[in-house]
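Visitor: Okay, here's the structure, questions in a sec.
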Amino acid sequence: MEQSNRFNSENFSIKQQYLTPFERKGLQKILEEEDLPKKYRQRIQIMLLADERKTQSQICQLLNCSRVTVRHWILIAKSGEVHNWNAFPLGRPKTVNDQYRERLKELMSHSPRAFGYPFRRWTAQWLSKHLAKELGIEVGVRHINRLLKEMGLSTRLKPVEVVDSTQSCSNSNPVVISDLSEVLPPNHSL
C-alpha cells in the first residue's frame, strides 16, 4: 500500500511540471543571453520557477513583479505555449503614430467649423472623436491633452493674434497695446 501511495504522488508531481526537458533547456539557454531585455528575461524566469513548483507569491517576491504577470506566464507554460515567450510584444501597443500627430496639429490650426462642427474651438473629446472617425485610431481625452502639451498646443488657450496698434478693427476702433503703468496713475495705498 505504501508503494501505491508513492506511485500516485510521483504521478501527481509529474503533472505539476509544465515544461518538457527540451523546453526547460531551451529557456535556460535563452536566459544566458546578455542582451535579453529585462521583461523577456522575467517571462522566462516565471515559467522556469513555476516549473520548479514555486507558488505565485514566491515568484512575485523573487522577481518583484505583479501577480497578474506571474499568472499569465504560468498559464502560457501550462498551455504548452512556451515557444511563444517572445511572440507577445513588450508594453502597451503604440497607437499614435507620426501621421496621427501631424493630423492633430493640422486640426488645431483650423476652426472646427471648417469641418462642419457648430463650435468655435476644439475640445480634446471632439478631437478624439474626429480622429477616431478619420484615422480609425481611438485615443482617450487625457492622451489627446498630453499629445497637445508635447506639441506646445492646448484646447484651452485661444490662438493669439498679434494686432498692430496702427491697424483698426472692423468696427473702426483701434486696438492699442501699451504698458499699464503709463496709463494708470500710481496708487500708493496698494
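The values are calculated or read from the model by the stated rules, or taken from the named source; none is laboratory data. It should be emphasised that the depicted structure is a prediction, and the values quoted were computed from it without experimental measurement. Positions of Cβ are backbone-derived with ideal geometry, glycine not excepted, and every protein chain shown enters the neighbour counts. All accessible areas refer to the heavy atoms of the entire protein, side chains included, with ligands and DNA or RNA removed. Shrake-Rupley method; radii C 1.70, N 1.55, O 1.52, S 1.80 Å.
Visitor: Can you pull out the residues in the range 103-127 that are open to solvent by 50 Å² or more (accessible area, probe 1.4 Å) and either in contact (Cβ under 8 Å) with a residue 40 or more places away in the chain or assigned to a helix (DSSP H, G or I) (or both)?
Guide: K105, E106, R113, A114, F115, Q125, W126
Visitor: Please determine whether any residue of the range 139-148 is surrounded by 16 or more Cβ atoms within 10 Å (Cβ to Cβ), part of a helix (DSSP H, G or I) and at pLDDT below 90. Break it down stepwise before answering.
Guide: First, the residues of the range 139-148 that are surrounded by 16 or more Cβ atoms within 10 Å (Cβ to Cβ): 139, 144-145, 147-148.
Cutting the leftovers down to part of a helix (DSSP H, G or I) gives us 144-145, 147-148.
Then keep just the ones that are at pLDDT below 90; that gives none.
Checked against the condition, which is being surrounded by 16 or more Cβ atoms within 10 Å (Cβ to Cβ), part of a helix (DSSP H, G or I) and at pLDDT below 90, the range 139-148 yields no hits at all.
Visitor: Looking at this structure, is N86 surrounded by 13 or more Cβ atoms within 10 Å (Cβ to Cβ) and of a type outside the set (D, E, K, R)?
Guide: Numbers: surrounded by 13 or more Cβ atoms within 10 Å (Cβ to Cβ): yes; of a type outside the set (D, E, K, R): yes.
So N86 fits the description; yes.
Visitor: Go through the range 12-23 residue by residue and tally those that are free of Cβ contacts under 8 Å to residues at least 60 places away in the same chain and open to solvent by less than 50 Å² (accessible area, probe 1.4 Å).
Guide: So the first thing to find is which residues in the range 12-23 are free of Cβ contacts under 8 Å to residues at least 60 places away in the same chain, and the list is 12-17, 20-22.
Checking the rest, the ones that are also open to solvent by less than 50 Å² (accessible area, probe 1.4 Å) come to 13.
Number of matching residues: 1.
Visitor: Continuing with the same structure: Answer with yes or no whether P186 is modelled with pLDDT of 90 or more and either under 30 Å from Q28 (Cβ atoms) or in a loop (DSSP other than H, G, I, E, B) (or both). Please lay out each step first, then the result.
Guide: On the way: modelled with pLDDT of 90 or more: no; either under 30 Å from Q28 (Cβ atoms) or in a loop (DSSP other than H, G, I, E, B) (or both): yes.
No, not satisfied.
For (1) assigned to a loop (DSSP other than H, G, I, E, B); (2) modelled with pLDDT of 90 or more, each residue gets a yes or a no:
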| position | (1), (2) |
| --- | --- |
| Q3 | no, no |
| L27 | no, yes |
| D35 | yes, no |
| H72 | no, yes |
| G80 | yes, no |
| F88 | yes, no |
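Visitor: Checking the structure you have, find out if any residue of the range 74-83 is farther than 30 Å from D51 by Cα and of a type in the set (A, V, I, L, M). I'd like the intermediate steps shown before the answer.
Guide: Narrowing the range 74-83 to residues farther than 30 Å from D51 by Cα: none.
Checked the range 74-83: no residue is farther than 30 Å from D51 by Cα and of a type in the set (A, V, I, L, M).
Visitor: I would also like to ask the following. So the check is Cβ under 7 Å with 6+ separation or different chains; which pairs have a first residue in the range 128-156 that's without any contact (Cβ under 8 Å) to a residue 24 or more places away in the chain and farther than 19 Å from S109 by Cβ and a second one that's among the aromatic types (F, W, Y) and part of a helix (DSSP H, G or I)?
Guide: Qualifying pairs under 7 Å: none.
Visitor: Collect the residues in the range 32-66 that are surrounded by fewer than 13 Cβ atoms within 10 Å (Cβ to Cβ) and in contact with a helix residue (DSSP H, G or I) (Cβ under 6 Å, 6 or more places away or on another chain), keeping them in residue-number order.
Guide: R53, the sole residue that qualifies.
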